[in-house]
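Presented below is the structure to which this report refers.
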């Protein structure tokens, strides 16, 4: 096989796996948006916070990886409960922009807390995920793909399937969809908004933890992790804010698109296109299809 | 009883063979009707008959798949809201489309928007031509406020007003446009008897004093029979009847579909 | 008894539509301006100018601009940082290319450039609304910051990518650069802000303001009364970007003097100004000022409190500051989502009745 073609495959696969990572973060957004109509800007910081807590528990308390993971899940559930109690409860029925801004405030709080509790230096996250390239692929075909990225992709796929089943088949899933549609109507049929929100934010927290583990294992646990949240926005634009499969597809498209753009156009304009390419791509999509690939078309009645 | 207030003139607006569908639902099928100058035309029919869709076609929110609209002699495939506004069509809505962030006065002043021309530069200064223009239009708006008796709620944000008053403010805003054709979508919905009488009085006054042509959708048969010159009956997107209130009242199709048959 | 309106009748519409119809308000504003113009310059020093007054003024201008777009016209924008960068870099290029150009002209022209850029990035608003529009403006933010980083032409190809303001005089007084006196820089900026605030208030209470608010409240109904959404939205973007551009120019020339684009105009600046607008009060001129004051002063107060009083290490204090800012933002959004402007109105209502409770 020609060298260029191999490179193209590598780039595409790299883009796909990056895309899966984006999707993991976007999933958290979709969950919360589906169930409470809130666009949770703090999702990225939650991933950072979860990863920090995990590392902190392993280092400061010497816990074994699996124990630490379970403990962190517990922390995220407590966090969700606190968020519901202190913030969400008071914000029923507010304007979307106010809700959005409060999640930015939440992001600040979590960022500061994370720094205070666990310190702001870069940390190494090693929970035993295999590192390094897939040897057989490298040796036989000359393609470099990291084992970590395969693990991330697989985890992402499993997570999505679990969530999809959860939403469509279970009673709680149905309640979540009801809440996403109309808070007041859901209340009037006896669904406890507060319990639902705690559940949703907990699940989002767990998703954030998974995302944090994957990203953290790959590039270390540091502040830039929270900026991934911003990248998730174009993913959501493409995939629609309320669609779980959309988050995946959107993530893959963004991941691959970014990689291709950087490699093939980046050199022309001095590089670092990745900073803005995803947004411009999303913008282009929006102009043709304002509701995203999978989103619901908004019809305005007069 | 209906007296002839103004001499009804020629056709002001005509729609011919209008068909409008949304996906699987056919809202209007091959409807033709005309509205004559200075008259009060009532559009009636059961829920879902297509009455609001008809108004939406007339003022350009919906574009029909077939048919043509002629307004003041100009024939169009479809109307556009901006052109409708510029040419003198104003309307109110079933669900009261007021600007909730603004006061009553400001809402009505927005109706004068098309007539306010002063440039951006003068606007930044305020003193000078911009202010003079503002005052001229403020005076006109105050006349309308007096006419509709809503002085007390001038500065109230409209979101806080009770439904009946909101409808009156919406009428005021439409009047501020000094329209030739006024489209009213259920102007008396949700009102009690006194409020209805007030609204009826306003509608008749607008027609008599300003000569405005009025097309209104209304469910209250008493009101319809009392104040309208002509009535158009719609049902399932088709026109059932078209004539004076008495003619329509006696029409068998209309009775079967809408007015009801007296029990033996 | 202080704030009685009774007895203040208006006999013509002109009087009814003044900016400050109540006499006590007029006194208060006059007093405020007198203190700001006459008293403050005599006691101002470098610290107060650089740490408090100048940032307050320039961010108030940016908040004014953003409030027009978000609060009056209802279009969300997260590109404020990027637009401020446009204003800053336009000022830099103009000053270096035309050394004799008056600084005031430079700033106004930078505003015009930013207005044009704003219209360009505002075009999507014709098809996209709400959150989606916010994401589109993010494209503007990231693209612009990348642009000013990458294209050396913008920073005259110097090694660091940082731009520094050349010294300039206005009416014989040195206004830019490290040698400029705080009283001079303060008064210069104050002049700009007062004029711009007045212009904003005038525009907003006339037909253009109503047009914007109509689009904000119900754009479908707005079309009905003859407002063209294209015209209204783009004019809001233009006007707002003009203000934000001038603010960026002022940040560069007067407040900071030297600017590195990612640090000075990154996404967190966009959020900061948006916070000012929301906490100050959407759709309120006064609110923009209150929000700017709060978000400029709060961090300073917090830091002084924690480092000087509690003796915390600076690093910890920084983290605490971030946390506390977040807490305060959430607190305010819960307690008064309509911002300080609403609180101010409520205060005035209470004053009207004082000393009676209701």
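The values are calculated or read from the model by the stated rules, or taken from the named source; none is laboratory data. Bear in mind the structure is a predicted one, so any value in this text is a computation, not a measurement. With ideal geometry, Cβ positions are generated from the backbone for all residues, glycine too; neighbour counts draw on all protein chains shown.
Worth a mention:
- Residues of region A:111-131 satisfying the condition of being facing chain C (nearest Cβ under 8 Å), touching a residue at least 12 places away in the same chain (Cβ under 8 Å) and in a helix (DSSP H, G or I): A:111, A:113
- For residue C:300, the criteria (1) part of a helix (DSSP H, G or I); (2) closer than 20 Å to residue C:57 by Cα; (3) touching a helix residue (DSSP H, G or I) at 6+ places or on another chain (Cβ under 6 Å) hold in every case but one, which is (3).
- Among the residues of region C:211-244, those that are buried (at least 22 other Cβ atoms within 10 Å of the Cβ), within 7 Å of chain B (Cβ to nearest Cβ) and within 23 Å of residue C:120 (Cα to Cα) comprise C:211, C:213, C:214, C:216, C:223, C:227.
- Residue satisfying condition, being assigned to a helix (DSSP H, G or I), within 24 Å of residue A:277 (Cβ to Cβ) and either under 12 Å from the mean Cα position of the chain (by Cα) or modelled with pLDDT of 80 or more (or both), within set A:21, A:58, A:46: A:21
- Selection within region B:115-126 - touching a helix residue (DSSP H, G or I) at 6+ places or on another chain (Cβ under 6 Å), in a loop (DSSP other than H, G, I, E, B) and within 22 Å of residue C:230 (Cβ to Cβ): B:116, B:118
- Residue within region B:126-142 that is buried (at least 19 other Cβ atoms within 10 Å of the Cβ), more than 9 Å from every other protein chain (Cβ to nearest Cβ), in contact with a strand residue (DSSP E or B) (Cβ under 9 Å, 6 or more places away or on another chain) and at pLDDT 90 or above present: no
- Test result for residue C:306, closer than 20 Å to residue C:66 by Cβ, in contact with a helix residue (DSSP H, G or I) (Cβ under 6 Å, 6 or more places away or on another chain), without any contact (Cβ under 8 Å) to a residue 40 or more places away in the chain and part of a helix (DSSP H, G or I): no
- Residues (free of Cβ contacts under 8 Å to residues at least 60 places away in the same chain and over 15 Å from the mean Cα position of the chain (by Cα)) located in region B:208-220: B:209, B:220
- Selection count where residues are more than 22 Å from the chain's Cα centre (by Cα) and surrounded by fewer than 18 Cβ atoms within 10 Å (Cβ to Cβ), scope region C:112-128: 3
- Region A:81-94 - residue that is over 25 Å from residue A:223 (Cα atoms) and at the interface with chain C (Cβ under 7 Å from one of its Cβ atoms) and, of those, modelled with the lowest pLDDT: A:94
- Flag for residue B:174 being crowded, with 22+ Cβ neighbours inside 10 Å, out of contact with any helix residue (DSSP H, G or I) (no Cβ under 7 Å at 6 or more places or on another chain) and closer than 21 Å to residue B:12 by Cα: yes
- Selection within region C:107-129 - assigned to a helix (DSSP H, G or I) and either facing another protein chain (nearest Cβ under 7 Å) or within 11 Å of residue C:86 (Cα to Cα) (or both): C:110, C:111, C:112, C:113, C:114, C:115, C:116, C:117, C:118, C:124
- Residue in region C:220-227 that is assigned to a helix (DSSP H, G or I), under 30 Å from residue B:129 (Cβ atoms) and under 18 Å from the mean Cα position of the chain (by Cα) present: no
- Residue among C:132, C:155 that is in contact with a strand residue (DSSP E or B) (Cβ under 6 Å, 6 or more places away or on another chain), within 14 Å of another protein chain (Cβ to nearest Cβ), under 25 Å from residue C:78 (Cα atoms) and buried (at least 21 other Cβ atoms within 10 Å of the Cβ): C:155
- Filter result for residue B:115 (out of contact with any strand residue (DSSP E or B) (no Cβ under 8 Å at 6 or more places or on another chain), crowded, with 18+ Cβ neighbours inside 10 Å and not assigned by TED's automatic domain parsing to the domain that holds residue B:233): no
- Hey, residue B:184 more than 10 Å from chain C (Cβ to nearest Cβ), buried (at least 21 other Cβ atoms within 10 Å of the Cβ) and in a helix (DSSP H, G or I) or not: no
- Just one of the listed residues (C:252, C:289, C:271) is away from chain B (no Cβ under 14 Å), in contact with a strand residue (DSSP E or B) (Cβ under 6 Å, 6 or more places away or on another chain) and in a helix (DSSP H, G or I), and it is C:252.
- Test: residue in region B:230-239 that is assigned by TED's automatic domain parsing to the domain that holds residue B:7, free of Cβ contacts under 8 Å to residues at least 40 places away in the same chain and crowded, with 19+ Cβ neighbours inside 10 Å: no
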